[in-house]
Amino acid sequence: MIDLASIDFIGTLVAALLTIMVLSYLVADNILFRLATYLFIGVAAGYAGAIAWHNVLRPGLVDPLLRDGFAALLEPATIVTLIIPWALILLLFFKLSPTTSRLGSLPLALLVGVGAAVVVGGAVTGTLIPQSIAAMETLDPAVQAPLTGETGVERLINVLIVLMGTISTLLYFRFTARRKASGLADRSKLLEGFAYIGRIFISITFGVMYAGALIATLIVLTERIQFLWDVFSLFLKG
Amino acid sequence: MAEQRCPMCSKINPEGVEECAHCGARLTPLIISSQQTPGSQPESEGETPDWLARIRSDVEANKDQDPEPEEPGDADDWLGRLRSAGSGEVEPAPDPGEEVPEWISARSPDESVDQKAPEWLSRIRKREKALRENEESKEKPAESGDWLASLRGKTGEQEAEPAAEGDWLSALRETTARDAEEAPPQTPEPLQELRDIGDILPLDEIPPAEPPTVEEVPSLDEQSDDVPVEDQDWLAAFQEEAFVSSGADEPPADAGPPDFLPVEMDLGDPEADDVSDEDIFAALDALEDPATVEPDPSLGGPFREIKDVEWIDTTDLVGEGPELPPAYPPEPVSQHTPALITEDQVPLSTGDSQDHDLEAIDLPDWLGELQETGGEPAQEATKKDQNLAPATLPAWLEAMRPIDTFRSSVEIEPVDDQAVESAGPLAGLRGVLMAEPVVAIPHQASVGSGRLDISERQFAQAELLHRMVDDEERELPLESRPRRQLPFVRWVIAALMILAILGAIVSASPGTTSFPPPVRVPQDLAPLFTLVDELPADKPALLVFDYSPGYTAEFDAVASVILEHLMRRDIAITTVSTQVSGPLLAERMIQRVGREHDLVNGVDYIHLGYLSGGPTAVQLFAAAPRESILRGFLLPEELEGQSAWLSVILNDVQRLSDFGMVAVITAGTDNARVWAEQAHPWMGDTPLLMILSTGAEPLIRPYYESLDPQVEGILTGLPEAVAYEQMNARSADALARWDGFNASVLVVEAVLLAGSIYGLVKWLLKPRRS
């Protein structure tokens, strides 16, 4: 009988070995690092295929046919949930041949069109309009932020910073301008000043994002080294 | 200075030049010159095919057997016999049933003329002799020669189609046809052959006929016996027409000759009444070669003025004389041009070659009689046209030539003087047109230049191309690779960080930290803790695991505090993910955090699994959660093969707002934004929390800080997680990594500080201009 503790120990050992193989990139690009990378990619792809079959395809397209037979196709409710998906899948297979690839464009067009509509609609209703309204918040110091509890001068300064950052960033991305005789863009000094402020905001934002990514990697590095130390301690303890 | 004219371009070239300087054509024969003896063998005889050798040998043998050229006296001789034949010393008229004409049969096979006769004619004469011996045989012998039979057949066919010919000729042919029915061999084959030649060959290529001998030419009496009187209607019509043109009231009873006929023609003579187209051909022969015809003053025939019958030649030779034209006015003798030119620039003489001599063709007796009667006018015409070159075309015939025909002023040499073709399928023949100017001699450019004129731009381009080719051929020196430097800096920084983390981990004692935990609680953490702490326990919390396995270490420390808080409050947990690996990460985290809580799958937590479709799937899930996820992930045994929505946790969940909380654990801003955009309209009063990676927090923060926030809580970074644990009065993974994280941050800050100092010093020590 297989001991679960042994399985956990082997799994822990393999995990430690793969961690060392990945960390070997510190020396140079080597076969151990590449082997670990390829292994992760292969395992992830295989696992994704298995998940897609067990969680999406089989319960959605196969199980109804196996459970109810082809009589399920005669039901009106299955037209949208079963027949049309099968038809789109079969049409998608025509993409394999260049001569029949035009037939496969229908499901692709459906995917792209619906996806774009959902994304754009969500961006407009969920981001553009609410954020525009948020940028036009009142400067009344008496108003209190519902979640942060900011109020008074603190909130006023914070709102002004957000407003300045939004406007200056938008002005920085305004590339239309009159052309001088020398060929350079003729932009007003005020516009140039706001664009410069916008560039500062953009730099700060990217710096914060990079610092956050670096902090995240430091957390990961700390966890991996601690894991290796635990495994090493386990070996030392026997 | 002697010159020679190019046969191709007719331009003058100096003598001795082999090729024309203007067109490149060869001026002298390529293989054998014209001075080479016919009997000489070419040098390449050994390479000559057998058939060509046989042909050449036959040619040599024939030349050896050829008699001497016929002396001018021969013509006189046959003319003399012709005169005697015309005076009544002729044989009786032949039997109409005979196949061979009388003039052929009258010939004696042992005469010297037979030696010049062609082979086919000799066979005819022999056969005629045999027929004479057997007079009972009146049928046409089939073995009389294929060519003769074919000619007869052709004659019969042509007689069957008289409409295409002139009335007079048609009438004559009809008469001949009727006679042919009674006596098939009535049609004179030589005449038919002459017609055929006239139909096929151009006018300037018709060979002149050989003067017939006395035996060949029958008398007019004989001819008059052969041709019925009623067949001479066409002549009567001519006489009537001539009468009308002369202005007389009525034609004379004896139907005098028309004006286009010679005025001296005595149509009242019974012999003249028998004039037919054959007679006209005889007159043509006399006109073609008047030098060979001696005028007979005793003849008072119709050909006293031979120039008046020139139209006969044209119409009859061409065979297109449906109607006889009126008399042509006499044309002056013009400069004639030869039809053919040999390579020696000598005009071709028809009288010296049997191939081009109409007189070489045996004529019937009736034609010979015409020739006899027309001898005197022909001689007069010859005197008028003494300057007419032999074998040239008369003016009227020259005028009928197509305009585009070749006209050269170069005289054509006699056939005997022409070179014998020594190669090719025409070997042994004379008068062959040279093929070398067309196929053998390469034509040179008329305008040649030994200097290449190019412009400066072209020269520059050529020079550029030359340099490019040179550059391609040039062997580039091997670049010395810079010696690869070992990444010592990277190794030093990595070593520092690893040692710092290890030092913090090793030095830390359990339950304590080397680095103090955050003293000041973040401003956003209290509302979040309060929110989670006040969640209704009867509603499940939905956790969205939308991060990749690479962020597992971070979210194990950050998200576990929320999960621990939920578990501690016994709130059922439901997981879902738009990432493929999300359900497995959710299971792993729950197992790690819920190890102390004895969680049961299907009772304390349930995995909805993978939600495929990206933003569309999120919207669909927010609108109808039960329709978007059909089964689940790692369902308990009692729900094996069924849907996760059948679990006790999700019994009351129909919409997204039925969850007590929705927490999105993601490392990417896009996933967080999608959930904020797509799911928030369907959330209702259900709070939306964001557990973010440190790098994604700045972009999601506006959704949180607005007056109408779309995100009710944000938890990000290890410091907040440690603070949350402290608020939760429980130490977990966040506090366990606090020392190592702080040590690594210190190393990073030290490295950044060292790098900044190094850069500043380097910038200060950098030598500047002026």
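The values are calculated or read from the model by the stated rules, or taken from the named source; none is laboratory data. As the structure is a prediction and not an experimental result, all values here were calculated from the model. Backbone-built Cβ (ideal geometry, glycine too); neighbour counts: all protein chains shown.
Points worth noting:
- Yes/no for A:S182 being away from chain B (no Cβ under 14 Å), at negative phi, buried (at least 18 other Cβ atoms within 10 Å of the Cβ) and of a type in the set (S, T, Y): no
- Hey, B:R673 under 25 Å from B:S548 (Cβ atoms) and not hydroxyl-bearing (S, T, Y) or not: yes
- Just so you know, in the range B:687-718 the residues that are more than 9 Å from every other protein chain (Cβ to nearest Cβ) and either small (G, A, S) or part of a helix (DSSP H, G or I) (or both) include one that is nearest to the chain's Cα centre (by Cα), and it is B:I700.
- Cβ-Cβ contacts under 7 Å between residues 6 or more apart (or on different chains), taken from a first residue in the range A:213-238 that is free of Cβ contacts under 8 Å to residues at least 40 places away in the same chain and more than 16 Å from A:L17 (Cα to Cα) to a second residue that is surrounded by 15 or more Cβ atoms within 10 Å (Cβ to Cβ) and basic (K, R), are listed as A:I219/B:R737; A:T222/B:R737.
- Among the residues of the range B:571-593, the ones that are modelled with pLDDT of 90 or more and either under 21 Å from B:L525 (Cα atoms) or not assigned by TED's automatic domain parsing to the domain that holds B:W675 (or both) come to 1 in all.
- The set of residues in the range B:641-685 being buried (at least 23 other Cβ atoms within 10 Å of the Cβ), among the polar types (S, T, N, Q) and closer than 26 Å to B:V561 by Cβ consists of B:S647, B:T666, B:N671.
- A:A134 vs. criteria out of contact with any Gly (no Cβ under 6 Å at 6 or more places or on another chain) and assigned by TED's automatic domain parsing to the domain that holds A:T205: no
- Any hit, the range B:730-748, residues being facing another protein chain (nearest Cβ under 9 Å), basic (K, R) and under 17 Å from B:V561 (Cα atoms): yes
- Residues of the range A:131-157 that turn out to be in a helix (DSSP H, G or I) and either within 8 Å of another protein chain (Cβ to nearest Cβ) or surrounded by 15 or more Cβ atoms within 10 Å (Cβ to Cβ) (or both), as a count: 6
- Which numbered condition A:L170 fails, given (1) of a type outside the set (S, T, N, Q); (2) assigned by TED's automatic domain parsing to the domain that holds A:I204; (3) not in a helix (DSSP H, G or I): (3)
- Meets criteria (in contact (Cβ under 8 Å) with a residue 60 or more places away in the chain, on the phi < 0 side of the Ramachandran plot and either outside the structural domain of A:F232 (by TED's automatic domain parsing) or not polar (S, T, N, Q) (or both)) for A:L13: yes
- Only one of the numbered conditions (1) more than 26 Å from B:G632 (Cα to Cα); (2) surrounded by 14 or more Cβ atoms within 10 Å (Cβ to Cβ); (3) within 11 Å of chain B (Cβ to nearest Cβ) is violated by A:F40, and that is (1).
- Within the range B:498-543, the residues that satisfy the criterion of being of a type in the set (V, I, T) and loosely packed, with under 14 Cβ neighbours inside 10 Å are B:V506, B:T512, B:V519, B:T530.
- Test for B:L735: is it closer than 27 Å to B:E554 by Cβ and either of a type outside the set (V, I, T) or not in a loop (DSSP other than H, G, I, E, B) (or both): yes
- Among residues of the range B:697-728, those that are under 14 Å from B:L528 (Cα atoms) and among the aromatic types (F, W, Y), counted: 2
- Of all residues in the range A:62-82, exactly one satisfies the criterion of being under 20 Å from A:V112 (Cα atoms) and surrounded by 15 or more Cβ atoms within 10 Å (Cβ to Cβ), namely A:T81.
- Test: residue in the range B:534-544 that is at pLDDT 90 or above and within 17 Å of B:S693 (Cα to Cα): yes
- Residue among B:L535, B:L585 that alone is part of a loop (DSSP other than H, G, I, E, B) and either without any contact (Cβ under 8 Å) to a residue 12 or more places away in the chain or closer than 30 Å to B:E705 by Cβ (or both): B:L535
- The range B:632-686 - residue that is acidic (D, E) and assigned to a loop (DSSP other than H, G, I, E, B) and, of those, nearest to the other protein chains (Cβ to nearest Cβ): B:E640
- All conditions but one from (1) within 26 Å of B:E697 (Cβ to Cβ); (2) in contact (Cβ under 8 Å) with a residue 60 or more places away in the chain; (3) not basic (K, R) apply to A:P146; the one that does not is (2).
- For the range A:111-129, the candidate set comprises residues that are at the interface with another protein chain (Cβ under 10 Å from one of its Cβ atoms) and not hydrophobic (A, V, I, L, M, F, W, C); within that set, the residue that is farthest from A:I84 (Cα to Cα) is A:T127.
- The test for being aliphatic (A, V, I, L, M), surrounded by fewer than 18 Cβ atoms within 10 Å (Cβ to Cβ) and not assigned by TED's automatic domain parsing to the domain that holds A:D8 does not hold for A:I215.
- Residues within the range B:554-582 that are within 11 Å of chain A (Cβ to nearest Cβ), touching a residue at least 60 places away in the same chain (Cβ under 8 Å) and among the aliphatic types (A, V, I, L, M), tallied: 2
- Matching residues in the range A:174-194 - criterion: being under 35 Å from the mean Cα position of the chain (by Cα) and either under 30 Å from A:V143 (Cβ atoms) or polar (S, T, N, Q) (or both): A:T176, A:G193, A:F194
- Among (1) at pLDDT below 90; (2) surrounded by 15 or more Cβ atoms within 10 Å (Cβ to Cβ); (3) within 13 Å of chain A (Cβ to nearest Cβ) - the single one B:G550 does not satisfy: (2)
- Residue count for the range B:469-528 under the criterion of being more than 60 Å from the chain's Cα centre (by Cα), more than 14 Å from chain A (Cβ to nearest Cβ) and charged (D, E, K, R): the result is 2.
- Residue match in the range B:555-573 (condition: β-branched (V, I, T) and assigned to a strand (DSSP E or B)): yes
- Taken over the range B:609-624, the criterion of being without any contact (Cβ under 8 Å) to a residue 40 or more places away in the chain and either crowded, with 20+ Cβ neighbours inside 10 Å or at negative phi (or both) is satisfied by B:G609, B:Y610, B:L611, B:S612, B:T616, B:A617, B:L620, B:A624.
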